[in-house]
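Encoded as structure tokens, the structure appears first; notes follow it.
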Amino acid sequence: MTGTLDLDLVDWFLLAVYFAAIIAIGVYTKRAVTTSGDFFLAGRSMPAWITGLAFISANLGALEIIGGAANGAQYGAAAVHFYWLGAIPAMVFLGVVMMPFYYSSRVHSVSEYLRRRFNSQTHLLNSVVFAVAQVMLAGVNLFALALIIKLLIGWPLWLSIVLSAVFVLVYITLGGLAGAIYGEVLQFFVILAGLVPIVWIALHMVGGFDGLRDGIAGIDDNLLKTWQGTEVGGWSNPLGDWIGLAMGEGFVLAFGYWTTNFAEVQRSLAAKDLNAARRTPIIAAFPKMLLPLVTVVPGMAALLLIPQLGQDGGPTYNDVIPELMQRYLPNGVLGIALTGLLAAFMAGMAANISGFNTVFTYDIWRPYVVKGRSDRYYLNAGRVATVAAIALSVGTAFIASNYSNIQNYLQMLFSFFNSPLFATFLLAMFWRRVTPWAGFWGMLSGTAAAAAAHFTAGHLAFFYPGGDMSAEMNAQMANFYGAGFAFVVDVIVTVAVTLFTRPKPESELRGLVWGLPDPDSPDAHEAGRRQPWWRSPVVLGSVVLVCTLALSVWLVTAV
Amino acid sequence: MTSRRAGFDVRILIAGLLGLYGVVLTLVGVTDSEADLAKADGLRVNLWIGIALLVVAAAFGLWARLRPLTAEHAAPGPDEGGDGTGR
């Protein structure tokens, strides 16, 4: 990226209005809401449309935008798999199958579910893994934020990273989490208002969708493939073969991300009743289906518009959106696009940091390290943890800066953190025999397997285009297989350990596993009530799945 | 029931911010210079996005007005201080 954005007074005004509003909301709500738990869960009072909006907003962070466009540029049309294959089915599954466990058992976090379903060792292991994951993810957000700051003032990356860290600290202190959550809903619309003109101008420049297809075909035919060229052993699809796609991305990574990511699940838990909670991710799936239009499409168009994109000496894939903004957006919408991106990085990082803070203080420090102190002590411990986490994420931001496409890095992190967790959850929820220690060893070995797969993949010709190891490895395909491997190892170890250890008595598992409903659950009466079809999670879920399938078939035949 | 009693309706917030953005962009769009238009490949993006934002803001405002949140649907405001269920 060269030069800085050409900002005008009006752009700064739009930016200032947004952050003034967020901080005002933060101050206003902080007086009534004391903890994030209060905000998310207390009341359990929100209608499904609010939680659905919050759900999709929490996902449409800036990483999704920058990374989605980077994927569009690097992998072409195949990048729609991260939406239609890697999100929609898992979101429907979360709503239809998993949500009753979360909502009715009244857990506040994934760790808490594991403590009740397994034992405190599993709880501690998951808490530590989660804390590490949050710091890594905060680093990605910080790096992306620094990319934008660098654009704004033209400072070197390291200085931008440090400056961004200071901004985030101020933002979290002033606005609080509640401000960030309302901000998330607002920023969804602000980002769209910034992205739509980018897509509009980019498509206009390349001659519409037909021009885009013909132009891309002129660069590399493979970039138009979605399901074509996915034969195992002889793949030519940019994302590798169908086993990696369907099993690794479509099943393990997608289901792992959407069903165990509590930043997402928490939004559903604020719903007013079980049915609204179940509809939350399904309502969010409808806009998710259309998001490739504003991420993948500009990424592909950028290949035609930005010389040397992704090549040595040219801008990296991460630069797609900032480059397009700089080149084509006039003052006005430029300010809006900038506001949306900055807000999204801030909110994303604020969510990571507060996730770390909560888990570190209440799931690690208080139960296992320094027990039985006053509330004030733990409040201060949390504050120290916040500052420490931000300092640590400056370090992880530099790790993230080594990746030319942050989505490759993110998927790798997910293969480490989410895939084993998903395997353990699936077994824990559907097989009541799974023992406490099986949960622990299954997750530990699954995470180790993901690490082993990561360090082995680079030495296998299987993951190189045409088997040529002098070329660049297909990083996403390696992530897909790594996730699948972690899942399989987790399942095998969990089953093996279960057979040799003692299960929990059924009385302790009520409401936590399939087929053992808790008769005292406040939602028990609701299960028997029939809902009209437009409020049925199954019907709505089927509609969104059929639409996605139709879109996928259309895309294979249309290009 | 006034919106203050009912706590915080995020739709009013959306309508307010997008409405303000819409007004600003529409004004900028009307006065865009030749250079601004050339940068955007001749498209009047400020004007059209501004108008679109005004429409969305109006839709959210109307929705919030026709179907106001009852107290039990709102996030707690400072003057209720509770879990949002109290009337």
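The values are calculated or read from the model by the stated rules, or taken from the named source; none is laboratory data. As the structure is a prediction and not an experimental result, all values here were calculated from the model. Note: ideal-geometry Cβ built from the backbone for every residue, glycine included; neighbour counts use all protein chains shown. Ligands, DNA and RNA are excluded from the accessible area calculation, which covers all protein heavy atoms including side chains. Shrake-Rupley method; radii C 1.70, N 1.55, O 1.52, S 1.80 Å.
State which residue is nearest to the other protein chains (Cβ to nearest Cβ) when the search covers only the range A:24-46 and only residues that are surrounded by fewer than 18 Cβ atoms within 10 Å (Cβ to Cβ) and at pLDDT 70 or above. Step by step, filter the range A:24-46, then rank; the result is A:TYR28.
Tallying residues that are under 15 Å from A:TRP258 (Cβ atoms) and more than 16 Å from the chain's Cα centre (by Cα) within the range A:388-428 yields 3. For the condition modelled with pLDDT under 75, within 30 Å of A:VAL96 (Cβ to Cβ) and away from chain B (no Cβ under 12 Å), A:PHE286 does not qualify. Does A:ALA193 qualify as being at pLDDT below 70 and farther than 30 Å from A:ASN474 by Cβ? For A:ALA193, the condition - at pLDDT below 70 and farther than 30 Å from A:ASN474 by Cβ - is not met. Out of A:TRP49, A:TRP84, one residue alone is open to solvent by 10 Å² or more (accessible area, probe 1.4 Å) and modelled with pLDDT under 85. It is A:TRP49.
Residues in the range B:37-55 that are surrounded by fewer than 19 Cβ atoms within 10 Å (Cβ to Cβ), under 29 Å from A:PRO47 (Cβ atoms) and facing chain A (nearest Cβ under 9 Å): 1 in all. Among the candidates A:ALA79, A:ALA62, A:ALA70, the residue that is open to solvent by less than 10 Å² (accessible area, probe 1.4 Å), within 22 Å of A:THR295 (Cα to Cα), more than 14 Å from chain B (Cβ to nearest Cβ) and modelled with pLDDT under 75 is uniquely A:ALA62. Taken over the range A:128-164, residues that are small (Gly, Ala, Ser) and surrounded by 23 or more Cβ atoms within 10 Å (Cβ to Cβ) amount to 6.
Residue-level analysis places A:LEU309 outside the set of residues that are touching a Leu at 6+ places or on another chain (Cβ under 8 Å) and in a helix (DSSP H, G or I).
The rows are residues; the columns are (1) in contact (Cβ under 8 Å) with a residue 60 or more places away in the chain; (2) under 30 Å from A:PRO367 (Cα atoms).
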{"position": "A:PRO47", "(1), (2)": "yes, no"}
{"position": "A:GLY61", "(1), (2)": "yes, no"}
{"position": "A:ASN71", "(1), (2)": "yes, no"}
{"position": "A:VAL92", "(1), (2)": "yes, no"}
{"position": "A:PHE101", "(1), (2)": "yes, yes"}
{"position": "A:SER104", "(1), (2)": "yes, yes"}
{"position": "A:ARG115", "(1), (2)": "no, yes"}
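If I filter the range A:380-391 for residues that are touching a Leu at 6+ places or on another chain (Cβ under 6 Å) and in a helix (DSSP H, G or I), do I get at least one hit?
Yes.
Here B:VAL24 meets the list (1) within 26 Å of A:LEU305 (Cα to Cα); (2) assigned to a helix (DSSP H, G or I); (3) facing another protein chain (nearest Cβ under 7 Å) almost entirely, failing just condition (1).
Pairs are defined by a Cβ separation below 6 Å, a sequence spacing of at least 6 or placement on different chains, a first member in the range A:145-162 that is under 25 Å from A:ILE336 (Cβ atoms), and a second member that is buried (at least 23 other Cβ atoms within 10 Å of the Cβ) and charged (D, E, K, R); no pair meets this definition. Inside the range A:442-452, residues that are buried (at least 21 other Cβ atoms within 10 Å of the Cβ) and of a type outside the set (Ser, Thr, Tyr) make up a count of 5.
Per-residue answers, yes or no, for (1) modelled with pLDDT under 70; (2) more than 27 Å from the chain's Cα centre (by Cα):
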position	(1), (2)
A:GLY175	yes, no
A:VAL199	no, no
A:GLY208	no, yes
A:LEU223	no, no
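For every residue, the table says whether it meets (1) within 14 Å of another protein chain (Cβ to nearest Cβ); (2) at pLDDT 85 or above; (3) crowded, with 24+ Cβ neighbours inside 10 Å; (4) assigned to a helix (DSSP H, G or I).
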| position | (1), (2), (3), (4) |
| --- | --- |
| A:GLY314 | no, no, no, no |
| A:VAL320 | no, yes, yes, yes |
| A:LEU324 | yes, yes, yes, yes |
| A:ASN331 | yes, yes, no, no |
| A:ALA337 | yes, yes, yes, yes |
| A:ALA343 | yes, no, yes, yes |
| A:ALA347 | no, no, yes, yes |
| A:ILE353 | no, no, yes, yes |
| A:TYR362 | no, no, no, yes |
